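One structure is given here, and the rest of the page talks about it.
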Amino acid sequence: MSDIDRLAALVAEARCAVAFTGAGVSTESGIPDFRSPGGVWGRFDPSEFTYRNFVGSHEGRRRYWALGRVTYPLIRAAAPNAAHLALAELHRLGRLDCCITQNIDDLHQRAGLPPEAVIELHGNATRARCLDCGHACTRDEVHARLELGVEVPACAACGGVVKPHTILFGEAMPRAAVQEAEQRARAADLFVVLGSSLAVYPAAYIPIHAKRAGAALVIVNLEPTPLDREADLVIRGKAGSVMAQVVGTVRARSLQGG
Ligand code: APR
Ligand code: ZN
């Protein structure tokens, strides 16, 4: 039995399967990841894009929005790929409890996963809000102003600081999302990591919670990760093709009443 067939059997037989995704699940949609060669942090200095820099100065926000003006069109233009579509179908087949994601690109939702089955640890780039009055707006509205030459968009309601609904370095992750993710990870008997270097904490603790609670841990990633040693199965492959094969096998088994 191939490793992909083993994963398909685990998914078909799991009581509660949870997926955990990183930027590697969106590279096949044209969105660069962070730490692969040519990734975002190879071209921009992550230490510039901290929460402290953003809230601390107009210059910090100007630099952030200059990067955002380049990266957001990639996110908006991206289409879900086979990995996103496979996870959405597994959920429809009753074979996936939820997807915990570090990604901010909204592609799991656009692939058809219901919002309540997507737990976003690092927020969502399609939304923004004012840090002063809480006024919410879409990223499209903010992007349109950047395109018109506004360097640091201010809140339309109060002139305050507008920030995308994404978590910057040094910013606390959304407590409710983290608690929900830990709870779902501990309840899982199968935990599948797709396209993450598992290099960033506290997000990278989530797979460990699942493993410690007794789940089978599977890691599908092009590069080695620090958790490979703890995994029950490691598949060195592209998330899109691996998950397309997995959902094909699971679909066939469910049609045969398996
Ligand atoms: N299929 C499988 N794996 C892939 C694919 C693919 N098509 N493309 C890339 N990968 C792998 C890379 O080899 C890499 O190990 O996905 C991993 C992506 O790792 P990162 O770029 O570090 O992304 P991620 O793990 O999501 O980073 C976590 O760091 O900068 C922060 O907030 C950012 O959410 C991000 C967090
Ligand atoms: Zn405001």
- Could you please let me know if residue 35 is of a type in the set (D, E, K, R), touching a residue at least 12 places away in the same chain (Cβ under 8 Å) and either open to solvent by 40 Å² or more (accessible area, probe 1.4 Å) or over 14 Å from residue 243 (Cα atoms) (or both)? yes
- Can we say residue 125 is free of Cβ contacts under 8 Å to residues at least 12 places away in the same chain and open to solvent by less than 70 Å² (accessible area, probe 1.4 Å)? no
- Item | Which numbered condition residue 154 misses (of (1) at pLDDT below 95; (2) within 16 Å of ligand 2 (Cβ to nearest atom)) | (1)
- With 247, 242 as the choices, which residue is in a helix (DSSP H, G or I), buried (at least 20 other Cβ atoms within 10 Å of the Cβ), near ligand 1 (Cβ under 8 Å from one of its atoms) and of a type outside the set (D, E, K, R)? 242
- With the first residue restricted to the stretch 81-94 and required to be more than 9 Å from residue 240 (Cβ to Cβ), and the second required to be hydroxyl-bearing (Ser, Thr, Tyr), Cβ contacts under 7 Å at 6 or more apart or on different chains are 93/254
- Of the residues in the stretch 47-101, how many are assigned to a helix (DSSP H, G or I), open to solvent by less than 40 Å² (accessible area, probe 1.4 Å), within 18 Å of residue 171 (Cβ to Cβ) and of a type outside the set (Ser, Thr, Tyr)? 6
- Item | Of the criteria (1) more than 29 Å from residue 241 (Cβ to Cβ); (2) at pLDDT below 95, which one residue 180 fails | (2)
- Query: Are any residues in the stretch 9-32 more than 27 Å from residue 104 (Cα to Cα) and either crowded, with 24+ Cβ neighbours inside 10 Å or not hydrophobic (A, V, I, L, M, F, W, C) (or both), and if so, which ones?
  - Reply: 13, 15
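The values are calculated or read from the model by the stated rules, or taken from the named source; none is laboratory data. As the structure is a computational prediction, the values presented were derived from the model and not from experiment. Cβ coordinates were reconstructed from backbone atoms using ideal geometry, including for glycine residues, and neighbour counts include every protein chain displayed. Quick note on the areas: whole protein, heavy atoms, side chains included, nothing else; ligands and nucleic acids left out. Shrake-Rupley method; radii C 1.70, N 1.55, O 1.52, S 1.80 Å.
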